[in-house]
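Written below as structure tokens is the structure these notes are about.
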Amino acid sequence: MSTASSATTGGASGPPGTDVDAAVAALRQGLLIGLPTETVYGLGADAGNPAAVARIFAAKGRPADHPLIVHLHGADQLPQWAARVPDAAWRLAEAFWPGPLTLVLPRAAGVLDAVTGGLDTVALRVPAHPLALHVLQAFGGGVAAPSANRHKKISPTTASDVRDELGDAVAVVLDGGPCQVGIESTIVDVSTGGVRILRPGVIGEEELRQVTGQALAPVAGPALRVPGRMNVHYAPQATVVLVPEDQVAAEVHRWLAQQARVGVLSAARAPAWPAQVHWLALGGAPDEQARQLYRRLREADRLRLDVLIAVPPPDQGLGHALRDRLWRAAGLGDRLA
Ligand code: AMP
Ligand code: MG
């Protein structure tokens, strides 16, 4: 699919407001926009327009039965999209919106099947990026937006990632700078009264427990239709191998012996690695690592690495979500405990 024009906005491209106006006009015409959010860039379409939503699936090359997240400008829109909003959902919305938390709720009558993938629930979020909020406010309706990458590829964290990946399938790409969070939202199912994490993110179990006052239900099994939980959802082209730090050097030598192009994703470069090893830095505080992770995976693609050897962070706090994304990049998906 292509559109008449492919504009990239932001920076010095026009007077303030122009970018947002162009994005809103595109949404009204049923076209796709690149929407900066604090998590990753979204591929946005009018959630009330079936032809527009169909364009998302065509552009991503994503199976049509995978549900999308609907982005709203405020929690006051919840009753338009959800048939029932349990207390826990209101509390979570109040505590974390705008922010990197997606709530799965029973769908309201009139929410398109194309958006929910035919499920009786709908996923809703108010993003924290000012440009996204401006677009959502000016547009007024819900914007269905999965991550703006091709199916099974790495989620984009800059406007140029979106352009590289989707080209002129997107009418307007708003440039909101690099994403502040860098990995996808925490998805929480509150459709049944309980509180259950479907996808880990920067908002963790402990915060959810504190706000809802509820123990969390066990994590969903692999049978659930949640693309974010599929194996190989965020994979770079390289084979991703996860090893403890003390085994990196041995792993490096094993792959070099097979003439592979080798990269290592780690906090520091070790003197024991030969010069031809590409070091992709991933260190610092966990939130900094989240911001960098997908950039590094994209770098692995650009370098055309055969193998990327990565050291998973400890399974604490945000480390849990980082491990989740690394496990998927390695094609191990639901083997994450
Ligand atoms: P993406 O932004 O590409 O990661 O895709 C949106 C995420 O929201 C996917 O992981 C979806 O499966 C998830 N999602 C959307 N709607 C629902 C729903 N009704 N129930 C469970 N997960 C959902
Ligand atoms: Mg995605």
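The values are calculated or read from the model by the stated rules, or taken from the named source; none is laboratory data. Because the structure is predicted, anything quoted here is derived from the model rather than measured. Virtual Cβ from ideal backbone geometry, glycine too; neighbours counted across all protein chains shown. Surface areas here come from the heavy atoms of the whole protein model, side chains and all, with no ligands, DNA or RNA. Shrake-Rupley method; radii C 1.70, N 1.55, O 1.52, S 1.80 Å.
Enumerate the calculated ³J(HN,Hα) couplings along the stretch 51-65 in order (Karplus 6.51 cos²θ - 1.76 cosθ + 1.60, θ = phi - 60°), each rounded to whole Hz, writing x wherever the residue is Gly or Pro.
Along the stretch 51-65, the couplings run 5, 5, 5, 4, 5, 4, 5, 5, 5, 7, x, 9, x, 5, 8 Hz.
Between Arg302 and Asp315, 0.36 nm times their residue separation minus their Cα-Cα distance comes to what? Please list the in-between numbers first.
Working: separation 13, 0.36 × 13 = 4.68 nm, distance 2.89 nm.
That pair, Arg302 and Asp315, stretches by 1.8 nm at full extension.
In whole Hz, with x marking every Gly and Pro, tabulate ³J(HN,Hα) for the stretch 186-201 from phi via Karplus 6.51 cos²θ - 1.76 cosθ + 1.60, θ = phi - 60°.
Whole-Hz 3J(HN,Hα) from phi for the stretch 186-201: 5, 9, 10, 8, 10, 6, 10, x, x, 10, 9, 7, 9, 8, x, x.
Round to the nearest 0.05 the FRET efficiency obtained for Thr239 and Asp168 when R0 = 35 Å and r is the Cβ-Cβ distance. The partial results should precede the final answer.
Working: r = 32 Å, r/R0 = 0.90.
Given R0 = 35 Å and the Cβ-Cβ separation, E is 0.65.
Amide H neighbours of Thr239 under 5 Å, at least 5 residues apart or on other chains, H built in the peptide plane: list them.
The list, which skips near neighbours in sequence, is Val307, Leu308.
Counting each DSSP H run of 4 or more residues in the chain as -39500 (n - 2.57), what helix-only mean residue ellipticity at 222 nm follows after dividing by all residues, to the nearest 500 deg cm²/dmol?
-9000 deg cm²/dmol
Please report the equivalent ellipsoid semi-axes of the stretch 267-337, computed as sqrt(5 x eigenvalue) of the Cα gyration tensor, largest first, in whole Å.
Details: eigenvalues 87, 43, 27 Å².
In descending order, the three semi-axes are 21, 15, 12 Å.
What translational diffusion coefficient, to the nearest whole µm²/s, does the chain have by Stokes-Einstein, given a Kirkwood radius computed over alpha-carbon pairs, a temperature of 37 °C and 0.692 mPa s viscosity?
Values: Rh = 20.4 Å.
The estimated diffusion coefficient comes to 161 µm²/s.
Quick query: amide H of Leu198 versus all other amide H atoms, modeled in the peptide plane; which residues come in under 5 Å with a sequence gap of 5 or more or a different chain?
Here the answer is Ile187, Val188, Asp189, since their amide H atoms fall under 5 Å of that of Leu198.
Kindly write out, for the stretch 258-266 in residue order, the coupling ³J(HN,Hα) from the Karplus curve 6.51 cos²θ - 1.76 cosθ + 1.60 (θ = phi - 60°), rounded to whole Hz, with x marking Gly and Pro.
Once rounded to whole Hz, the list reads 9, 6, 7, 7, 10, x, 10, 9, 7.
Relative to the longest principal axis of the C-alpha atoms of the chain, give the angle of the C-alpha long axis of helix 319-329, reported between 0 and 90° and rounded to the nearest 10°.
Between helix and principal axis, roughly 80 degrees.
In nm, give the distance between the simple-model label positions of His253 and Gln210, each being 7 Å from the Cα along the Cα-to-Cβ direction.
Calculated label separation equals 4.7 nm.
What FRET efficiency do you get for Thr18 and Leu332 if R0 is 45 Å and r is their Cβ-Cβ distance, rounded to the nearest 0.05? Can you show the working numbers first?
Working: r = 45 Å, r/R0 = 1.00.
Efficiency, rounded to the nearest 0.05: 0.50.
Arrange the residues Ile183, Ile197 by how much accessible surface each exposes, largest first, with a 1.4 angstrom probe.
The ordering from most to least exposed comes out as Ile197, Ile183.
The stretch 95-195: D in µm²/s via Stokes-Einstein (Kirkwood Rh, Cα pairs, 37 °C, 0.692 mPa s)? Mind showing how you got there, number by number?
Values: Rh = 15.1 Å.
For these conditions, the coefficient is 217 µm²/s.
Length gain on complete extension for the stretch Arg84 to Ala109, per 0.36 nm per residue less the alpha carbon to alpha carbon distance?
Full-extension gain reported as 7.9 nm.
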